[in-house]
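These notes concern the structure reproduced below.
The values are calculated or read from the model by the stated rules, or taken from the named source; none is laboratory data. This is a predicted model, so every value here is computed, not measured. Positions of Cβ are backbone-derived with ideal geometry, glycine not excepted, and every protein chain shown enters the neighbour counts.
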Amino acid sequence: MKFVYLILAALMLLCLAPMPYGYFQLVRFVAMVAFGIMAYYYFNQKKVALAITFGVLALLFQPFAKIALGRVIWNVVDVVVAIGLFVLFFEKRKKERCSDESERIIKISNKSK
């Protein structure tokens, strides 16, 4: 799931380029689904702040009742969300590496006994 963060961040940053309107509709739908799934995932992980954040993002990006913010504000939102997704990706990656290191140390110490 961690690569979903990067894919969504890339989609958000591509919104800064002049794209056809269909692309923005696709991004809104994909973002709504992904953010909804992330909200559910973090809710189950008891990370309420992230669950609420992703729930709000799912509502913001939903394509059915569009929220008209204007091109400039949407660009700012896209960049802020992309940065947040990058930060979450690298935090998750760092935690996985730390846990991998811990497991490796435990295995080595168990072998030496």
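Below are the figures for this structure:
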{"read-out": "Pairs with Cβ under 9 Å, 6+ apart, first in region 18-41 and among the charged types (D, E, K, R), second surrounded by 14 or more Cβ atoms within 10 Å (Cβ to Cβ) and at pLDDT below 95", "value": "ARG28/PHE61; ARG28/GLN62; ARG28/PRO63"}
{"read-out": "Total residues in region 1-52, condition surrounded by 18 or more Cβ atoms within 10 Å (Cβ to Cβ) and under 12 Å from the mean Cα position of the chain (by Cα)", "value": "13"}
{"read-out": "Checklist (1) at pLDDT 90 or above; (2) in a helix (DSSP H, G or I) applied to PHE3, failing item", "value": "(1)"}
{"read-out": "One residue from VAL56, VAL48 being free of Cβ contacts under 8 Å to residues at least 12 places away in the same chain, of a type outside the set (S, T, N, Q) and farther than 19 Å from GLU91 by Cα", "value": "VAL56"}
{"read-out": "Some residue of region 35-46 being among the hydrophobic types (A, V, I, L, M, F, W, C), at negative phi, in a helix (DSSP H, G or I) and touching a Cys at 6+ places or on another chain (Cβ under 7 Å)", "value": "no"}
